[in-house]
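No lab work stands behind these numbers, since they all come straight from the coordinates. Because the structure is a prediction, the values reported are computed rather than measured. Please note: Cβ atoms are built from the backbone with ideal geometry, for glycine as well, and neighbour counts cover all protein chains shown.
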Amino acid sequence: MGNRAKRVKLAKRIKELGYGKLYRGSKRVAWRHLYSGKLDELSRKMAFAPGDVANDCDGFNWRIVSWRWERYFFAIWHGKPIRGWYFDVDQFVKENGWFSCGCPSGPDLPQTRQDIEAYLKAYVNDPKLAEQGWINGKFYDALRQRFAAGEHICDEQGVLFPELHKIRLEKYEQHEHYRLGTPKR
């Protein structure tokens with residue numbers, strides 16, 4: 001599928017969802033920003049709907065509540081200002097209220113419970129990471145205890161159990177600026 005067909009398909013999807021247009025302003029400049037890789041990334045992110053499960057950079061699957069979309073503005077000066085914007089899905093809002101990873105690859109297809117647990121078992125038992133202090137704390141201790149007892153750390157869909165998520169949040173709750181609505185001082 002060529003770039004033009006991708007843009008047409010995305011523009012129809014955005015319009016169907018009620019978000020307006022794919023871009024506004026100079027078509028030539030917008031198309032420079034909406035290159036093939038960006039169009040593929042945007043269509044992959046827009047394939048997820050609220051209620052779907054996606055894998056995030058923390059290694060776990062999460063249920064998506066909504067999108068966080070933005071209009072990226074551009075302004076180029078070639079004798080006169082050329083202004084406009086293009087639509088992009090920036091992040092997802094997960095069911096726990098946190099935003100997904102904002103890296104360009106963003107959330108991916110969900111992983112199986114076995115894949116997640118195998119990855120994290122190797123991660124928390126890595127002696128080099130422990131020596132460097134990357135995997136110290138109550139959350140990683142709880143993961144090690146669960147793995148040693150042969151228990152699961154996530155449900156069948158790969159979503160972290162709530163009791164483990166509470167332990168994970170404890171390190172953030174001790175810092176006041178991590179709480180929602182509280183400015184960093």
Query raised in the report: Of the cross-linked pairs Lys45/Lys138; Lys12/Lys45; Lys21/Lys45; Lys15/Lys45; Lys94/Lys166, which ones have a Cα-Cα span greater than 25 Å in the structure shown?
Result: Lys45/Lys138
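Sort largest first and round to whole Å: the equivalent ellipsoid semi-axes of the chain, each the square root of five times a Cα gyration tensor eigenvalue. Spell out each step's value before the answer.
Working: eigenvalues 300, 74, 48 Å².
In descending order, the three semi-axes are 39, 19, 15 Å.
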Requested in this report: Mind sorting Tyr123, Tyr140 by how few other Cβ atoms lie within 10 Å of their own Cβ, fewest first?
Outcome: Tyr123, Tyr140
Report task. Calculate, in nm to one decimal, what Phe99 and Leu129 gain on full extension: separation in residues at 0.36 nm each, minus their alpha carbon distance. Result -> 8.2 nm
Query raised in the report: Order of 26-35, 152-161 by packing, highest average Cβ count within 10 Å first?
Result: 152-161, 26-35
Query raised in the report: What Cys residues in the chain are without a partner cysteine, judged by a Cβ distance under 4.7 Å?
Result: Cys103, Cys154
Report task. Give me the angle, in degrees from 0 to 90, between the Cα long axis of helix 113-124 and the longest principal axis of the Cα atoms of the chain, rounded to the nearest 10. Result -> 70 degrees
Query - Mean residue ellipticity (222 nm) of the chain, computed from DSSP H runs ≥ 4 via -39,500 (n - 2.57), nearest 500 - result: -12000 deg cm²/dmol
**Report entry** Gained length - Ser36 relative to Arg83, 0.36 nm times residue gap less alpha-carbon distance
**Finding:** 14.8 nm
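Based on other C-beta atoms within 10 Å, arrange Lys12, Lys121 from fewest to most.
Details: Lys12 11, Lys121 16.
Ascending Cβ contact count within 10 Å gives the list Lys12, Lys121.
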Report summary line: Total charge of the residues flanking Gly37 in space, meaning their Cβ is under 14 Å from its Cβ, with Lys and Arg +1 and Asp and Glu -1, is +3
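Work out how much length Arg71 to Asp52 would gain on full extension: take 0.36 nm times their residue separation and subtract the Cα-Cα distance, in nm to one decimal. Don't skip to the end; give the middle numbers.
Details: separation 19, 0.36 × 19 = 6.84 nm, distance 2.36 nm.
This chain segment gains 4.5 nm when fully extended.
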Requested in this report: Taking the Cβ of Val65 as the centre, find all other residues whose Cβ is under 14 Å away and add up their charges (Lys, Arg: +1; Asp, Glu: -1).
Outcome: 0
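For Ser66, Ser43, what ranking results if the residue with the fewest other Cβ atoms within 10 Å of its Cβ goes first? Could you put the intermediate results ahead of the total?
Numbers: Ser66 11, Ser43 15.
With the fewest neighbours first, Ser66, Ser43 line up as Ser66, Ser43.
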